[in-house]
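Engineer: Handing you this structure, nothing more for now.
Readers should treat all values here as calculations from the given coordinates under stated rules, not as data from a laboratory. In this text the structure is predicted, and so the values were computed from the model without any measurement. Please note: Cβ atoms are built from the backbone with ideal geometry, for glycine as well, and neighbour counts cover all protein chains shown.
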Amino acid sequence: MHNDEKPRVFQSYPEIEDLPMHENPQPNEINPDSDVIIGLEIHVQLNKLKSKLFCGCSTSYHNSEPNTHTCPVCLGLPGSLPALNKKAVEFGIKVALALECKLLDQTLFYRKNYFYPDLPKGYQISQYDFPLAKDGRVTITTDAGEKVIRINRVHIEEDPAKLMHIGGMGHSKYTLVDYNRSGMPLLEIVTEPDLRSPKEARRFLDKLRSILDYLDVFDGNLEGAMRIDANISLKGGGRTEVKNISSHKGVEKALLYEKTRHKNLRMKNIHIKRETRHYDEQRGITILLRTKEEEEDYRYFPEPDIPLMNVKEWETRLRNEIPELPDAKRQRFIKEYGIKEEHARSLTSDIAIANYFEIISKEIDPSVAASWIADVVKGELNYRDINIKESNLTADKMIRILKKFVLGEITDRNMVELIREIIDSGKDPEEIIKKRGFGKVGEDEVLLLVKKVIEENPDAVKDYRNKNDKALNYLVGKVMALSKGRSDPKEVINLLRKYI
Amino acid sequence: MIDKKTLEHIGKLAKIELDDKDIDEFLPQLQSILDLFDEINSVETETVEPTFHVFGLKNVFREDDVKPSLDREDVLKNVPKKEKDYVKSPKIL
């Protein structure tokens, strides 16, 4: 995809692709677990701003008719002048600071020249030398523990228009252009090539998304909110770039595909050329777009219509507006609530879930709340691909059912069923408990069932008396079945032992 | 020195087709422009700060306020080719 082309000069990839073949490591010297080199460029649409980057057009164009959110500036009409949205710069600075970047004393815009219908001016207003911020870091959790991924730079640019190809890019004979997206405020975040596997790349993206959600600068659920270019090479081999991938899962899959492709070529002793590729989500493969020789020459020069910016003086003010971020919140949850690290990590990866947990923990033992939210609720939400706000399981309902659980009125198994039904039907927990008979069977009733099972299964009782533990399991199962899962297995075991 | 290959590359970037006659015409013209820049480049600027903007303006912003967009009818009025309220253009990959 042409429109998100980026210059190579910022990336400190080792210049290794031009090495002659005989200097490449032999295939058997490649360690697939450590010799994969990945770097990412992430485009984040600051869609929580009200207006576009350089004009007053509304950013709420999603679900609108084409070409209804445009003006002379974002259409690139002659004589129009860009006026920079202050808040876009503030949002950019907040993100940069959250990624531990250093702000530059002076930052400015450049024109990146290319002819393509997605940018009617003939250039994109972007940044080049003197980006907004440089040299940051993000800590991710890998299977081998914590790992720091360095951030090369964060810069601001305008989003190009959206191109449509009816019947798919390969079949359509022409391009349809919708300029609603043109001029949307975009942040580009570039990592150093510190990622060593497609899985790490995905972990990094999940972490970045979590931080961006905490900062409340974008709605990641909107189409095109986060678009990723992924660079990959094997140690000693050429680098390829897969452009414009729209999901974290897509990035992982595209990189897995590329890793395998590179390895296969290496095995056949074929040199990997530097090239740009497209990820075909449906087919799960990458397709060649163009080789390095066809890459464009953007002829960057400073944008004369936008004055220089000295915004470093905003740093203190904006730093104070940054909320507690995932890592700090995780540490606090462990300390303040005494919950397991693993639970704290899970809860704090999503700001909405973290807030949900804190509300519930005011009334419920935090360890119990953490376990149910992290281990069960999150899984059920993921399964349905919804977030906690979209689900019917309000904090108030969760508190009500957890209170019953803590009092021993609902079994573990029925709690899971209850949570599922609340999420799916939105009905009141009390109503579901009554209707489905989720309330735990009273002690008297359990005793009756135990006695009944002992009476009806003399053989199993005999076996148990002869020290056959399987027989006990069998009897417990019988009682559980009779009570429709509404009794506590431990209690049943105790009663059986007592009465046999 | 600018050569034929460079000129063809510039033409390609600008999406302008150049035949041999054009090249013979433009090559000396561009060369004279480059010669002028060589002259400018010969000035010693080691101690001079780069000038990005001549007025010395800094930090010019607008607030994040929405203004009405154009009517789509007006937007598409001068568009040579359109389809279903989209602007239609040749496919370039």
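Engineer: Rounded if a/c is under 1.5, else prolate if a/b is larger than b/c, else oblate: which is the stretch A:451-500, with a ≥ b ≥ c the root eigenvalues of its Cα gyration tensor? All intermediate terms of the calculation are to be shown ahead of the outcome.
Structural biologist: Values: a/c = 1.81, a/b = 1.55, b/c = 1.16.
Taking the square roots of the gyration eigenvalues as a ≥ b ≥ c, the stretch A:451-500 is prolate.
Engineer: If you look at just the Cα atoms of chain A, how large are its Rg and its Dmax in Å?
Structural biologist: My reading of the Cα-based Rg and Dmax gives 28.9, 97 Å.
Engineer: Any chance you could tell me what percent of the C-alpha pair distances in chain B go past 22 Å? It would help to have the intermediate numbers written out before the result.
Structural biologist: Numbers: 2855 of 4278 pairs.
In whole percent, the long-distance tail amounts to 67.
Engineer: Additional query: Below 8 Å between Cα atoms, with a sequence gap of 6+, how large is the relative contact order for chain A in percent?
Structural biologist: Value for chain A: 14 percent.
Engineer: While we're looking at this one, here's another question. Between A:Arg436 and B:Leu34, how many nm apart are label points set 7 Å from Cα along the C-beta direction?
Structural biologist: In this crude label model, A:Arg436 to B:Leu34 measures out at 7.7 nm.
Engineer: A further question on this structure: For A:Asp327 and A:Lys102, what does the FRET efficiency come to when R0 = 22 Å and r is the distance between their Cβ atoms, rounded to the nearest 0.05?
Structural biologist: Values: r = 19 Å, r/R0 = 0.86.
That gives a FRET efficiency of 0.70.
Engineer: Per-residue Cβ counts within 10 Å, from other chains only, averaged over B:66-78: what number is that? All intermediate terms of the calculation are to be shown ahead of the outcome.
Structural biologist: Details: counts 11, 7, 4, 14, 10, 2, 6, 1, 1, 10, 3, 0, 1.
For peptide B:66-78, the averaged partner shielding equals 5.
Engineer: Another question, if that's okay. Picking from A:Leu40, A:Cys55, A:Gln282, whose Cα lies most toward the positive end of the charge dipole for the stretch A:37-318 (charges on Cβ: Lys, Arg +1; Asp, Glu -1)?
Structural biologist: A:Gln282
Engineer: Can you work out the PRE-style zone for A:Thr394? Point 7 Å along Cα to Cβ, and I want the residues of the stretch A:347-362 with backbone N under 19 Å.
Structural biologist: Under 19 Å, as judged by backbone N against the label point of A:Thr394, lie A:352-362 of the stretch A:347-362.
Engineer: Rank by packing, highest mean first: peptides A:157-165, A:301-309, A:126-134, B:6-14, with packing defined as the count of other Cβ atoms within 10 Å averaged across residues. Write down the numbers at each step before the final one.
Structural biologist: Numbers: A:157-165: 22.2, A:301-309: 17.3, A:126-134: 20.7, B:6-14: 14.2.
The densest-packed peptide leads the list: A:157-165, A:126-134, A:301-309, B:6-14.
Engineer: With the dipole of chain A worked out from charges on the C-beta (+1 for Lys and Arg, -1 for Asp and Glu) around the Cα centre, which of A:Met164, A:Gly76, A:Thr260 lies farthest toward the positive end?
Structural biologist: A:Thr260
Engineer: With the Cα gyration tensor of the stretch A:282-383 giving a ≥ b ≥ c as the square roots of its eigenvalues, does the rule (a/c under 1.5 for rounded; else a/b larger than b/c for prolate; else oblate) give rounded, prolate or oblate? Please list the in-between numbers first.
Structural biologist: Working: a/c = 4.11, a/b = 1.61, b/c = 2.54.
Oblate, because a/c is 1.5 or more while a/b does not exceed b/c.
Engineer: How high is the FRET efficiency from A:Arg137 to A:Asn221, r the C-beta distance, R0 22 Å, rounded to 0.05?
Structural biologist: Working: r = 27 Å, r/R0 = 1.23.
Computed FRET efficiency for A:Arg137 and A:Asn221: 0.25.
Engineer: Using 0.36 nm per residue, how much length does the chain from A:Met267 to A:Asp469 gain when fully extended, once their Cα-Cα distance is taken away?
Structural biologist: Values: separation 202, 0.36 × 202 = 72.72 nm, distance 5.65 nm.
Between A:Met267 and A:Asp469, full extension yields 67.1 nm more.
Engineer: Cut-off 15 Å, label point 7 angstrom out along Cα-to-Cβ of A:Ile386: give me the residues of the stretch A:46-62 whose amide nitrogen falls inside.
Structural biologist: none
Engineer: Once you charge only the Cβ atoms, +1 for Lys and Arg and -1 for Asp and Glu, what is the size of the charge dipole of chain A about its Cα centre, to the nearest 20 debye? Please list the in-between numbers first.
Structural biologist: Values: 80 positive and 81 negative charges, 227 e Å.
Value, rounded to 20: 1100 debye.
Engineer: Let me ask something else. Taking R0 as 41 Å, what FRET efficiency do you get between B:Ile10 and A:Arg317 from their Cβ-Cβ distance, rounded to the nearest 0.05? Write down the numbers at each step before the final one.
Structural biologist: Values: r = 46 Å, r/R0 = 1.12.
For R0 = 41 Å, the calculated efficiency reads 0.35.
Engineer: Quantify how strongly other chains surround peptide B:50-62 by giving the mean number of their Cβ atoms within 10 Å of each of its Cβ atoms.
Structural biologist: The per-residue average across the peptide is 6.
Engineer: Moving to a separate point now. Could you calculate the contour length gain from A:Lys452 to A:Lys173, that is, 0.36 nm times the residue separation minus the distance between their Cα atoms, to one decimal place in nm? Please report the intermediate quantities before stating the final value.
Structural biologist: Working: separation 279, 0.36 × 279 = 100.44 nm, distance 7.71 nm.
Result: 92.7 nm gained on full extension.
Engineer: In addition: Over 24 Å, how big is the tail of the calculated P(r) for the stretch A:82-181, in percent of all Cα pairs? Each step should come with its number before you reach the end.
Structural biologist: Values: 2197 of 4950 pairs.
Value for the stretch A:82-181: 44 percent of Cα pairs lie more than 24 Å apart.
Engineer: So what's the back-of-envelope 222 nm ellipticity for chain A, counting only DSSP H runs of four-plus at -39500 (n - 2.57) apiece and dividing by all residues, rounded to 500?
Structural biologist: On the way: 16 runs with 183 residues, N = 500.
Result for chain A: -11000 deg cm²/dmol, rounded to the nearest 500.
Engineer: Taking amide hydrogens as modeled 1.01 Å from N in the peptide plane, which residues meet the under 5 Å criterion relative to A:Leu195, leaving out close sequence neighbours?
Structural biologist: Distant-sequence amide H within range of A:Leu195: A:Ile38.
Engineer: Using only the Cα atoms of the stretch A:37-318, build the gyration tensor, take square roots of its eigenvalues as a ≥ b ≥ c, and label the shape rounded, prolate or oblate: rounded if a/c is under 1.5, else prolate if a/b is larger than b/c, else oblate.
Structural biologist: Values: a/c = 1.67, a/b = 1.23, b/c = 1.36.
The shape class here is oblate.
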